[in-house]
Amino acid sequence: MKTRITLILLTLFMGINLGFAQQDEECMNNLSIFDSYVKSKKYDDAYGPWKIVREKCPKFNRAIYAHGEKILTHKIENSTGAEQVAHIKDLLKLYDESREHFASKYDVGEVEVDKANLVYKYMDELKMSKEEDYKMFDEAYKRDVDHFTNAKGLYTYFSLAVDIYDAGAKTPADAQKMFDKYDDVIEVIENIVGKNTLGLNKLVEKEEGGSALTKKEARLKKYYESSIKAFEDQVIPSMDKKLGDRANCEVLVPLYEKDFEEKKNDAVWLQRAMNKMGEKDCTDQPMFEKLVVQKNTIEPDAKTAFYLGVLKEKQGNKAEADKYYDQSFQLETDPLKKWKLIMRVAEKNYRRGSFGKARQQYTEALGLNPSNGTPYLRIAAMYAKSANNCGDSNFNKRAVFWLAANEAEKAGRVDGRLRSTASKTAVSYRASAPSKSDIFTEGNAGQTIKIGCWIGRSVKVPSI
């Protein structure tokens, strides 16, 4: 009896294995077929064999989901009406299946944002509201903010918050909720940009040290630069434009006055309110001073020291302002946050013509964030502005433009985002420097010229 049962079980087991083997072979064949079609961008031809593999072997290969997104996107873009809606819903389902079958390869935040972006694009076709789509983005933010890194998704998340505010009663509580969402998204962006900047800095330091990047490092550098550029040059400015006058001083002051007594011991609220008024240039408002003083009372830090400097500067006390600015630099331990503080003060000194102090601070900024070439462009501009005052002859005055061009070129070398601007700027400066005929007449090719005044640098005359 035992022998018979054993034989039956063995036969059944072999039959199951054979079935799986046949299924695997069918899936493998169809996988190969749709993979080839997708690579040739023949998405309609890929659809049939892809669907077979998806239904019969959902765990077979991740290409089911990576290629499936391309196939269904093509179907959506080339259909209308009920057929299009069916494909949209199928893609939403595919996103969920990717998480179900390959959880380690598809993060929650990434998948949820992909779904929310798709719904936003086809909101009318799906007959869904902005509130419903906002909830999808909000779910991604709450469940997995670490993987909510999609630039388009982050902008849309905030944009929907503004649209919902505009369509509502616009109460102070609604306004505060919108401002909070702005701060939430900006914090996410700053974290992403910060991580990418630290990675980029390492690669720039390697190159500046004379070592060539590997192919992988070169690709990584390009990714870091494009990601930072997308957030800093596109997403954040678009968010600020979307927020617009909804966050002007006339709106912010009464809002913060109303909530101050209730929130005055909430360091996060004070910090965000202080930052918002600082960003919107409401620093001459009594409410701004009230926020800064209170924040400094309960939780002094680098940012409050900086804003105390702003207040002293507004009062005309530059010496006291500089003391607070220096204090903010000393208190800040995060290199990128410290870089931002130093850059803000350096820009103040640049605008007021304190070029020597500004150069010192721009140089400190370069040490903290070597992949951002803006300080080099500022130093170059200061040299160019000072050319007429820092030379003892017409030739030597114009020689200052060689110094300016050299600094501009450094900006393009370390910062790919500024390469074009830096190159054009350097060409412009060199056009103002002595020509070859001037050098021939002066008879000083290859000699070194010392530049006086605040510049205190030397420059070598080019050979001709």
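What follows is calculated from the coordinates using simple rules that are stated; it is not laboratory data. Small disclaimer: the values here were computed from a predicted structure and weren't measured. Heads up, the Cβs are rebuilt from the backbone with ideal geometry, glycines too, and the neighbour counts pull from every protein chain shown.
If you place +1 on the Cβ of every Lys and Arg, -1 on the Cβ of every Asp and Glu, and leave all else neutral, what size is the dipole of the chain about its Cα centre, to the nearest 20 Debye? Write down the numbers at each step before the final one.
Details: 75 positive and 70 negative charges, 371 e Å.
Using Cβ point charges on Lys, Arg, Asp and Glu, the chain gives about 1780 debye.
So if each residue of separation counts as 0.36 nm, and I subtract the Cα-Cα distance between D166 and E320, what length gain in nm does that give? Please report the intermediate quantities before stating the final value.
Working: separation 154, 0.36 × 154 = 55.44 nm, distance 4.24 nm.
Between D166 and E320, full extension yields an extra 51.2 nm.
Between R351 and K206, what length in nm is gained on full extension when 0.36 nm per residue of separation is reduced by their alpha carbon distance?
Details: separation 145, 0.36 × 145 = 52.20 nm, distance 3.29 nm.
Taking R351 through K206 to full extension adds about 48.9 nm, to one decimal.
Most exposed first by the Cβ proxy, i.e. fewest other Cβ within 10 Å, how do L72, L311, L200 rank? Don't skip to the end; give the middle numbers.
Numbers: L72 23, L311 18, L200 26.
Listing L72, L311, L200 from fewest to most nearby Cβ atoms yields L311, L72, L200.
Between E217 and K436, what is the label-to-label distance in nm when each label sits 7 Å out along the Cα-to-Cβ direction?
Distance between label points: 3.8 nm.
Could you tell me which residue out of L311, P254, T441 lies farthest along the dipole of the chain toward its positive end? Charges go on the beta carbon: Lys and Arg +1, Asp and Glu -1, centred on the Cα centre.
T441
Less than 11 Å Cβ to Cβ from G194, Lys/Arg counted +1 and Asp/Glu -1: what total charge do the surrounding residues give? It would help to have the intermediate numbers written out before the result.
Working: positive: K195, K337, K340; negative: E187, E190, D334.
Here the count lands on 0.
Neighbouring Cβ atoms within 10 Å as the yardstick, rank H147, H67 fewest first.
Lowest count first: H147, H67.
With 19 Å as the limit, write out which pairs from K152/K229; K397/K460; K41/K93; K115/K135; K105/K215; K39/K89 have Cα-Cα distances beyond it, or answer none. Present the calculation step by step, with values, prior to reporting the outcome.
Numbers: K152/K229 13 Å; K397/K460 13 Å; K41/K93 22 Å; K115/K135 12 Å; K105/K215 24 Å; K39/K89 24 Å.
Beyond 19 Å between Cα atoms: K41/K93; K105/K215; K39/K89.
With Cβ to Cβ distances under 14 Å as the rule, what net charge do the other residues near Q447 carry (K, R +1; D, E -1)? Intermediate values should be presented prior to the final figure.
Details: positive: K450, K460; negative: D438, E442.
Local charge sum for Q447: 0.
Longer than 24 Å from Cα to Cα, which of K170/K276; K340/K410; K130/K340 are they? Say none if no pair is. Numbers along the way, then the final one.
Working: K170/K276 19 Å; K340/K410 20 Å; K130/K340 35 Å.
Checking Cα-Cα distances, K130/K340 exceed 24 Å.
Can you return the lysines within cross-link range of K314? Criterion is Cα-Cα under 16 Å, with same-chain partners fewer than 8 residues away left out.
Partners found: K280, K290, K323, K348.
Once you keep just the Cα pairs under 8 angstrom separated by 6 or more residues, what percentage relative contact order results for the chain? Can you show the working numbers first?
Working: 489 pairs, mean separation 31.5, N = 464.
RCO, the chain: 7 percent.
At D124 and A267, where each label point lies 7 Å from the Cα along Cα→Cβ, what is the point-to-point distance in nanometres?
4.9 nm
When the Cα centres of segment 315-363 and segment 389-446 are compared, how far apart do they sit, in Å?
Result: 28 Å between the Cα centres.
In debye, nearest 20, what is the charge dipole magnitude of segment 369-447 about its Cα centre with +1 on Lys and Arg Cβ and -1 on Asp and Glu Cβ, if you could check?
So the magnitude is around 300 debye.
Which of Q285, T333, T149 sits farthest toward the positive end of the charge dipole of the chain, with +1 on the Cβ of Lys and Arg and -1 on the Cβ of Asp and Glu?
Towards the positive end, the residue furthest out is T333.
So for V459, V253, fewest C-beta neighbours within 10 Å to most, what's the order? Show your work: numbers first, answer last.
Working: V459 22, V253 16.
By the 10 Å Cβ count, ascending: V253, V459.
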